[in-house]
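The values are calculated or read from the model by the stated rules, or taken from the named source; none is laboratory data. As the structure is a computational prediction, the values presented were derived from the model and not from experiment. No Cβ is skipped: glycine too gets one built from the backbone with ideal geometry, and neighbour counts run over all protein chains shown. These area figures cover heavy atoms from the full protein model, side chains too; ligands, DNA and RNA do not enter into them. Shrake-Rupley method; radii C 1.70, N 1.55, O 1.52, S 1.80 Å.
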Amino acid sequence: MYCVRCGDIIDKDENICDKCGLHFTVVQNDGTLVYINQSPKPLQKAKPVKKKKKKGLAIIISVIAILSTLAIGAIAVFVLVTGIILGLLGFILFLPDEDPVVVNTAYTDSLNQNIDLGNNTVTYNNELFINDEDPLSEVLRDQFVNIKGNGEDTVTVMIYMNGSDLESQNGCATADLKEMLNAQLSDNVNVVVQTGGTKKWKTSGISNKHSQRFIVKNGQLVLIDDTLDQLDITREETLEDFIRFCSTNFPADRNMLILWDHGGGVVYGFGVDEIVDDVEEALTLSEIQQATRNCGVKFEMIGFDACLMGGIESVCALSDSADYLVVSEDFESGDGWEYQNWLTLLGYNSSTPMTELGKVMVDDFIKESNGADSEGVLAVVDLRYSRLLYNTWTNFAYANQDELLEYDYTMSMQRSSRAPDYLFKNKKSEDKDFWDWLFADDSTMETYCYAVDLMAIAGQMNTEESQALEATLKRAIVYCSTTSGDSYMTGLSVTLPYGDDEFFDLLQTEFRACGFDENYIQFLAQFVSSDYDEYDWDLGSITGWSYYDEDSYDSDDWYYDSDWDDYDWYDYDWDGYSNSDYDWDESYYDLIDWILDDSSMDY
C-alpha cells in the first residue's frame, strides 16, 4: 500500500506514513484506496523561533480578528435562521395542491340548524306566510314550483362557478367544493358544477385550459363533460347553455341556480373572468335575466354567492324566472356561503321547503362571516312580491322625491376580499384634492355602487308611502340575518346614482335592457345633477326592521279599503314577459289607499 501524498510504502497495519506523517483510513479491503482524514504532521518537531512583535499592533489585530469572527458568526447565524424560515415557508407554500376530486372528509353528523350565532348577529324572520284568507293572496302569482312532499321530490342544484382570482390566489372555490363534497346527498339530489374563469385551480383535478362540468357523487367530484372549450364565463350564452345541459341531463321537480364569484352590483353585474382580455367584462343583470328566461326552466331559487347583488333591481329582473332569490346587499367574505349543511338537509329530505333551506343558508353564511372577521348580510326574498315591491318603492320615491334629492343617502360598505378590484378605480378623481388622495378611505363602496338599504331609507320619512313600502318589505323578505356591523341593513337595497353621470350612463342602458320603464329611469337621472348634501347615517335614525315590533305585529291588523276582488293578477301573462311589453310602472292598484288599523300608527 502506498501513501497518496508522497508515494512511500506504508505498512498495511499502520495508519500513518512514516515519511510525510499523513494519517489515513483504509476504505477498501484490498488497500488500494485510502481516505485522508488528517493533515500531515512533521516527522521532527522543532521548537519555534519566537520573534519580537509590537504589542499595540498585536492587540489591534487581535481585537479586529475577534470582532470579525463575531460578525461572521452573527451573519452565519442570521443566514442560517433565515434559510430555515424560508425553507419552512417554501415547504408550506409549495406543498402539492389538495385534490377535491378525491377528498372525502368525514362528515360531522350535525346539520347545525340551530346555530349559536352569539351576540354578533341580528336576525330578521318573517313568519307572515300567505294563506288563502289573506287579501294579498289574490294579487300574488302562484309559485312556479310545487313541492310533492314526503321526500319524493327530485332536485338539481346548478353551480355556475367562475373561479377568477378568488380561486387562483386564495383557493376559495376549492374550499366551497370541499363543503359540497362533504354534504350527505341522496339519489334524489344532483349537484352539478360548471368550472371556468380562472388561471389556476388549487387542485389537479380541474383544468384551467378549458371549462368542465362535474357532478358531486359519493363525496367526490366526478367529471361528466370534458368536451367544452375555454368558455367565456361572462357571456349570456355560456350560462344559458349550462342551464340547458343540467335540465336535459338531470331533469328535476325543483331546480336551483347559484352563481359563484365576484359581484359588482346591479349595474356592473356578476363575475370576473381571468381568462378573457377585458378584466372589467361581466355577466350583466339583463344577460342573466335573458339566460334564465330563454332556458325554459322555472327555478325555485336563484342565488348569488357574490357581493352586492341584493338590490330591488335584481328582484324585478328575475321575478319571472324563480320563486326565491338569495342575495347579499353588502360584500361577502372570501369564504362566501357554507354549502355542507343545507345540501345535507336537502339530501336528508328532498322535500324540505325553500324557506327552511334558506334559514340554514343564511345562518351558516353569517357564522362563516363572523369566523372570517368580515361583515355580512344575506336575505331570502319571495319573488312573488316583486311587482308589489316595485310599486310601493316607486310610489314612495316619487312622493318623496325632493327629500331623496336633498341628501346623498348612499351607504358606506367596507370592501372585502371578494370585491372585484376594477370597481375601485375612483370615478370621481377630479373631485379629489391632495389630502383626499393621502387620507381618504378607498376601501369602501359608497362612491361606486350607490346602494341604499330600502328599509332604512323608508324609515327616515314617516309617510303613508314609506309605511306601505316597509310593510311590503316585511312580507317579501322571508328571512334575513346580519353580522353586528351590518345590522343597519335589512336585506334589499336600491341604487340611486348621486352625482355620477358615467355611472348613470351604464345604469340607464342596463335598466332599459332589464325592462324598467322610462319614467323611472328619468327619475333616476335627476340624482346625477342634484344639489345634495352628504347624509350622515351615524347621526341619522336607522329604524329598519325595528319599525315594527316583532312580538306585537299581527298580520290580522291589516285591512284594505281597496276592492281587491276587482284585481285579477292573471290579467298579466308572466310566461309572455318580454322587454318590449313589460312596464314596471304599470299599476292595477293604488297602494296609498292602504290603511293600517293600529293604535300606534295610521295612514
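Annotations
- Only one of the numbered conditions (1) part of a loop (DSSP other than H, G, I, E, B); (2) in contact with a Phe, Trp or Tyr (Cβ under 7 Å, 6 or more places away or on another chain); (3) under 22 Å from residue 375 (Cα atoms); (4) not aromatic (Phe, Trp, Tyr) is not met by residue 489, and that is (2).
- Unmet requirement for residue 402, which otherwise passes all of (1) over 27 Å from the mean Cα position of the chain (by Cα); (2) touching a residue at least 12 places away in the same chain (Cβ under 8 Å): (2)
- Verdict on residue 224 being in contact with a Lys or Arg (Cβ under 9 Å, 6 or more places away or on another chain), of a type in the set (Val, Ile, Thr) and surrounded by fewer than 20 Cβ atoms within 10 Å (Cβ to Cβ): yes
- Here residue 434 passes the criteria (1) aromatic (Phe, Trp, Tyr); (2) open to solvent by 50 Å² or more (accessible area, probe 1.4 Å); (3) at pLDDT 95 or above except the one numbered (3).
- Region 315-353, residues that are surrounded by fewer than 22 Cβ atoms within 10 Å (Cβ to Cβ) and aliphatic (A, V, I, L, M): 345
- Helices (runs of 4 or more DSSP H) wholly inside region 313-417 containing at least 1 residues that are of a type in the set (Phe, Trp, Tyr): 340-348, 354-371, 386-399
- Each residue in region 141-165 was checked for being open to solvent by less than 50 Å² (accessible area, probe 1.4 Å) and out of contact with any strand residue (DSSP E or B) (no Cβ under 9 Å at 6 or more places or on another chain), and 5 pass.
- Picking from residues in region 123-151 that are outside any loop (DSSP other than H, G, I, E, B) and modelled with pLDDT of 55 or more, the one that is farthest from residue 350 (Cα to Cα) is 135.
- Residue match in region 300-310 (condition: aliphatic (A, V, I, L, M), in contact (Cβ under 8 Å) with a residue 60 or more places away in the chain and crowded, with 24+ Cβ neighbours inside 10 Å): yes
- Here residue 483 fulfils each of the conditions (1) buried (at least 23 other Cβ atoms within 10 Å of the Cβ); (2) within 22 Å of residue 382 (Cβ to Cβ) apart from (2).
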